[in-house]
Every structure is written in C-alpha cells, then in structure tokens.
1. May I ask for the net charge around residue 62, where only other residues with Cβ less than 14 Å from the Cβ of residue 62 are counted and Lys, Arg are +1 while Asp, Glu are -1?
2. Rounded to whole Hz and in sequence order, give me ³J(HN,Hα) for region 113-128 from the Karplus expression 6.51 cos²θ - 1.76 cosθ + 1.60, θ = phi - 60°, writing x for Gly and Pro.
3. Between residue 36 and residue 71, what is the label-to-label distance in nm when each label sits 7 Å out along the Cα-to-Cβ direction?
4. Tabulate in residue order the Karplus-calculated ³J(HN,Hα) for region 100-112, using 6.51 cos²θ - 1.76 cosθ + 1.60 with θ = phi - 60°, rounded to whole Hz; enter x for Gly and Pro.
5. Can you tell me, using C-alpha contacts under 8 Å and at least 6 residues apart, the relative contact order of region 51-179 as a whole percent?
6. Quick check: the distance between the Cα centres of region 135-155 and region 73-108, to the nearest angstrom?
7. So what is the relative contact order of region 28-117, in percent, for Cα pairs below 8 Å that sit 6 or more residues apart?
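What follows is calculated from the coordinates using simple rules that are stated; it is not laboratory data. Bear in mind the structure is a predicted one, so any value in this text is a computation, not a measurement. Counting neighbours? That spans all protein chains shown, and the Cβs are built from the backbone with ideal geometry, glycine included.
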Amino acid sequence: MFKRLALGAALVGAFVALAPAMASAHGPSRQKVTETIEINAAPDKVWAVIGNFQDMGWHPAFEKTEGKGGNDVNATRTLTLKGGAKIEEKLVKYNKDDKSLSYEITAVDVKVVPVSNYASTISVKDAGGKSTVEWKGAFYRGYVNNDPPPELSDEAAVKAITGVYKDGLAALKKKLEGG
C-alpha cells in the first residue's frame, strides 16, 4: 500500500515539475483579426458587390477569380494574386438574408500568405442607411511548430491578414462611394 502511495506521489511530483516545460511547448495559438469599415451605401448595394463568392474583383490584391459552385456551400474559388501566386478557398456558409458568407483557405503557399488553418467571415450590416462591413478571420501562423522564422510567426500572420482586410475594405469603400 505504501509503495503505491509513494509511486503515486512520485508521479504527481514529476508532472508538477514538468508542467512549466509542457506549457511552453504547446505550439502556436489561434490568432484573430477583425476589421470593419463604414460605407456610405445601402447594405443591398454593398452585398451586391461582396456577396458573390465567385468574384473578388473588388479587392486590389487579386488579378483574377475562378471558381465553381456559385454561392452554394462547398463552392470553390481560386484567387490569383498580382504576380501569379494562387490561393484556393471553399465556401462553408452563405446567408444572403443576413448578408454574410464564411470561407476557408484550402491551399496556399505560406510564403504567399503566412497562415494555416484559416477561416473567415465577411458580413454587411445596416448602419442607418449606410453599411458596416466586418471582415474577421481566425488562423494559425504559417509555421506550425515552435520557434518559427520571423516571416512565418504569429506577428507576420496577423500583419498579413490585417493588410489584406484593410486594403480590401478601403478598395470596397472607394468603389462604392467613388462611383
């Protein structure tokens, strides 16, 4: 009986001693970015531009969008960036009444967008005759192990996605307000 208690106490002691090392070796944590913009246009007008999953022509980073499946769940699209790099995405949720769509990146070179396991939602809300567009995403950094190189770190991932969202929303505002 005393041997079992001693063994149990030794195991608890070993676990407590290793807990700090285990906590620091957990790998990357999920990052989140949310950007919003107010656009002086009716929500239906804004949704008419961003509500088509097959067309990202409003975003200045993308040269071409090709896809299949329209706005049906599991529809796919390939975004070609200026310079030729490609991002493959899949639509996971589409709600035209709520003016919201959610998608995931299914394939991208982390040298192009330094993220993994990326999911995002873009939505339009009525703001008293104007629109509030919210673009939010959650993802892991491009390097999923510990000690990432700077270009694949949490900071690099957040900076890249923040830039994509801000540039896209600014271009959307300009397109809808500027004629």
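1. -1
2. Rounded to whole hertz, the list is 10, x, 9, 9, 6, 8, 9, 8, 9, 10, 9, 10, 10, 6, 10, x.
3. With each label placed 7 Å out from Cα toward Cβ, I get 2.3 nm.
4. Along region 100-112, the couplings run 9, 9, 10, 8, 10, 7, 9, 7, 7, 6, 5, 6, 8 Hz.
5. In percent, rounded to a whole number, it is 18.
6. Each part's Cα centre sits 20 Å from the other's.
7. 17
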